1. Anything in region 112-122 that is out of contact with any Lys or Arg (no Cβ under 9 Å at 6 or more places or on another chain), of a type outside the set (S, T, N, Q) and either open to solvent by less than 30 Å² (accessible area, probe 1.4 Å) or closer than 16 Å to Arg134 by Cβ (or both)? List them, or say none.
2. I'd like to check which helices (runs of 4 or more DSSP H) are fully inside region 71-127 and have at least 3 residues that are within 17 Å of Val42 (Cβ to Cβ) and touching a residue at least 40 places away in the same chain (Cβ under 8 Å).
3. On the basis of being open to solvent by 40 Å² or more (accessible area, probe 1.4 Å), at pLDDT 80 or above and either closer than 18 Å to His133 by Cα or not in a helix (DSSP H, G or I) (or both), does Val30 make the cut?
4. At negative phi and at pLDDT 80 or above, is that true of Val69?
5. Is there a residue being open to solvent by 30 Å² or more (accessible area, probe 1.4 Å), in a loop (DSSP other than H, G, I, E, B), closer than 30 Å to Val30 by Cα and modelled with pLDDT of 85 or more anywhere in region 47-54?
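The values are calculated or read from the model by the stated rules, or taken from the named source; none is laboratory data. From a predicted model like this one, the values you see are computed outputs, not experimental measurements. Cβ coordinates were reconstructed from backbone atoms using ideal geometry, including for glycine residues, and neighbour counts include every protein chain displayed. Each accessible area value is taken on the protein alone, full model and side chains, heavy atoms only, with ligands, DNA and RNA left out. Shrake-Rupley method; radii C 1.70, N 1.55, O 1.52, S 1.80 Å.
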Amino acid sequence: MPVVEVAGYEADDAIATLARQAVEKGLRVVVVSADKDLLQLVTGDVVVLNPGGRAAAPPLRPQGGRGEVGGAPERIADVLALVGDAVDNVPGVPGIGDKGARDLVREFGSVESVLEHADEVKRAAYREGLQSHRRRRSSRSSS
């Protein structure tokens with residue numbers, strides 16, 4: 001098995017590049033990784049297997065089935081920004097889990113749009129967490 005290293009790039013960047021090149025050549029790609037960032041690669045030609053300690057984890061596909069990504073792969077980064085990702089040191093919004101983040105992104109779009117519309121969020125815990133998170137973000141950016 002070949003080992004690929006690219007100086008100055010993370011492994012997920014190299015994997016994404018190789019996956020794109022393979023699809024351009026007409027190949028189907030299976031990525032095996034627990035890195036949630038790689039869910040952005042999921043298409044009809046690219047599936048992601050998350051070993052996660054379960055021997056029979058279903059492949060993650062764009063829509064439908066047990067292994068559904070649960071939204072557009074290009075919105076995975078927005079979902080992860082709300083949920084948080086300890087591996088990439090992203091704190092997320094306290095109280096918002098995976099399903100809640102997907103629902104918010106589905107309703108409002110980007111994480112920036114979710115934060116802009118925080119006052120309109122129906123669920124009080126989400127609304128309060130978003131409002132608090134928005135205040136923390138704006139105080140950090142003004143320092």
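1. Within region 112-122, Glu112, Val114, His117 meet the criteria.
2. The helices (runs of 4 or more DSSP H) meeting that bar are 76-83.
3. Values: open to solvent by 40 Å² or more (accessible area, probe 1.4 Å): yes; at pLDDT 80 or above: yes; either closer than 18 Å to His133 by Cα or not in a helix (DSSP H, G or I) (or both): yes.
In short, yes.
4. no
5. The answer is no; no qualifying residue exists.
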